[in-house]
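First the structure, in the form of structure tokens, and then the observations on it.
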Amino acid sequence: MYGLYAIGFIAACIIAVLLTPLVKKFAFWVGAVDAPNHRKVHTRIMPRLGGLAIFLAFVGAYFVVSPALDAVNSNAAFGLLLGGLVIVITGALDDRFQLSPKWKLLGQLIAACIVVSFGLKIDLVNIPFGETNLPIGWLSIPITILWIVGVSNAINLIDGLDGLSAGVSGIATTTILVLALMMNNVTVILLAVILLGSIVGFMFYNFHPAKIFMGDSGALFLGFALATLSILGFKQAAVVSLLIPIMILGVPLSDTFFAIMRRYVNKLPISAPDKSHLHHCLLQLGFSHRTSVLIIYGIASVFGGSAVICSVFISQDSTWGLIMIIVALFLVMLVGAEAIGIISKSRKPVLNFLQRLVGKTVQSDRMGK
């Protein structure tokens, strides 16, 4: 069994390595390129459409390995493949023609609906700190669609530096793989393994200095695949709460959340573009391109590790351990966000409160002496 998983990973990696240079030439041929501007970090014209190589490697490796695994849920896999095809086409059209937001959203909605039509939806919400599964009835369909569209766009939003979205997605995929191995979910293990192989193969050309960008075709597909895998993996596990997939995707989801808060604080439309995302803030603090990406990889790894630890706590009914992890993550995330100015460069209420608290403590200690 594990040998087949290894074959799937290697096959996906090799296919991605072989296809990416061809996709690069194709991108230049059709004019799917990314020109530098005031919001972009790169300074030269770059080919896009890298998502085509990732998707084709994923599909190719699946058909290489899946016939040898009887336990694979082919219905779920085909839902992911067909929906993935729709979202890759949507992203590829945007890479070439710059689609309007409504057309991009339409493609994402169609892809999400395809997944739902194959029976992949959030049927139950496992209540944290308890053993009760809450049925959500007809709400499962809109919640599932919202989850898939939201995660797809969250991955797309952090696609601002060489290798950033691919690396963060790879870390999230690895976390899903670890949890699937713990639950012995064969379908999720196989799909996660070949997705990870596709990402690793593409990273040979996408890590700084990148030779090709994944474009919307890649970022939307990776977000779509991660959202779908999280549904497929955790809907079958009563011990895993809704917190786990949120933690796995902590970096893109938190960056999206802070972007919404930032635009609300600055009284800007939610869809207004800016240069204050996490990677922008790190660059503004003086970190190099490569170092900024590695820092975000580290943050994503902390979220992924926390998700694994929390899943263990939940399975062991260790409520206090779970609470401590969640509170610690939230506080560190909030303090870090204010420290780098991701919400506001001037308004930092939590840091100011902590500074006053530390100042009073120091003063009290001096008076006591």
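The values are calculated or read from the model by the stated rules, or taken from the named source; none is laboratory data. As the structure is a prediction and not an experimental result, all values here were calculated from the model. FYI the Cβ positions are ideal-geometry reconstructions off the backbone, even for glycines, and counts take in every protein chain you see. Protein only, heavy atoms only, side chains kept; ligands, DNA and RNA dropped before computing areas. Shrake-Rupley method; radii C 1.70, N 1.55, O 1.52, S 1.80 Å.
Do we have any residue at all in the range 65-83 that's under 23 Å from the mean Cα position of the chain (by Cα) and surrounded by fewer than 17 Cβ atoms within 10 Å (Cβ to Cβ)? Checking the range 65-83: at least one residue is under 23 Å from the mean Cα position of the chain (by Cα) and surrounded by fewer than 17 Cβ atoms within 10 Å (Cβ to Cβ).
Listed by first and then second residue, the pairs with beta-carbon distance under 6 Å, at least 6 apart or on different chains, first residue in the range 338-362 and part of a helix (DSSP H, G or I) and open to solvent by 90 Å² or more (accessible area, probe 1.4 Å), second at pLDDT below 75 and charged (D, E, K, R), form an empty list. When each of 39, 44 is tested for being at pLDDT below 95 and under 13 Å from residue 213 (Cα atoms), the lone residue that passes is 44.
Here are some residues: 211, 235. Which one is surrounded by fewer than 24 Cβ atoms within 10 Å (Cβ to Cβ), of a type in the set (Lys, Arg), out of contact with any Pro (no Cβ under 6 Å at 6 or more places or on another chain) and at pLDDT below 85?
Every option except 235 fails the conditions.
Do you know which residues across the range 254-295 are assigned to a loop (DSSP other than H, G, I, E, B), of a type in the set (A, V, I, L, M) and within 16 Å of residue 157 (Cβ to Cβ)?
268, 270, 272 - these are the residues of the range 254-295 that are assigned to a loop (DSSP other than H, G, I, E, B), of a type in the set (A, V, I, L, M) and within 16 Å of residue 157 (Cβ to Cβ).
Checking each residue in the range 306-328 for being touching a residue at least 24 places away in the same chain (Cβ under 8 Å) and open to solvent by less than 30 Å² (accessible area, probe 1.4 Å) picks out 306, 307, 310, 311, 314, 322.
Just need a number here: residues in the range 55-70 that are modelled with pLDDT under 90 and either in a helix (DSSP H, G or I) or touching a strand residue (DSSP E or B) at 6+ places or on another chain (Cβ under 6 Å) (or both). Total satisfying the criteria: 3. Here residue 282 does not fit the description of being of a type outside the set (Val, Ile, Thr), in contact (Cβ under 8 Å) with a residue 60 or more places away in the chain and surrounded by 15 or more Cβ atoms within 10 Å (Cβ to Cβ). Checked against (1) out of contact with any Pro (no Cβ under 8 Å at 6 or more places or on another chain); (2) over 22 Å from residue 302 (Cβ atoms), residue 163 passes all but a single condition, namely (2). Is it the case, given these coordinates, that residue 189 is of a type in the set (Val, Ile, Thr), buried (at least 24 other Cβ atoms within 10 Å of the Cβ) and at pLDDT 95 or above? Criteria not met by residue 189. Can you tell me which residue among 80, 85, 52, 99 is free of Cβ contacts under 8 Å to residues at least 60 places away in the same chain, part of a helix (DSSP H, G or I) and touching a helix residue (DSSP H, G or I) at 6+ places or on another chain (Cβ under 9 Å)? Selected residue: 85, the only one of 80, 85, 52, 99 that is free of Cβ contacts under 8 Å to residues at least 60 places away in the same chain, part of a helix (DSSP H, G or I) and touching a helix residue (DSSP H, G or I) at 6+ places or on another chain (Cβ under 9 Å). The residues of the range 285-298 that are touching a residue at least 40 places away in the same chain (Cβ under 8 Å) and surrounded by fewer than 20 Cβ atoms within 10 Å (Cβ to Cβ), listed by number, are 285, 289, 290, 297.
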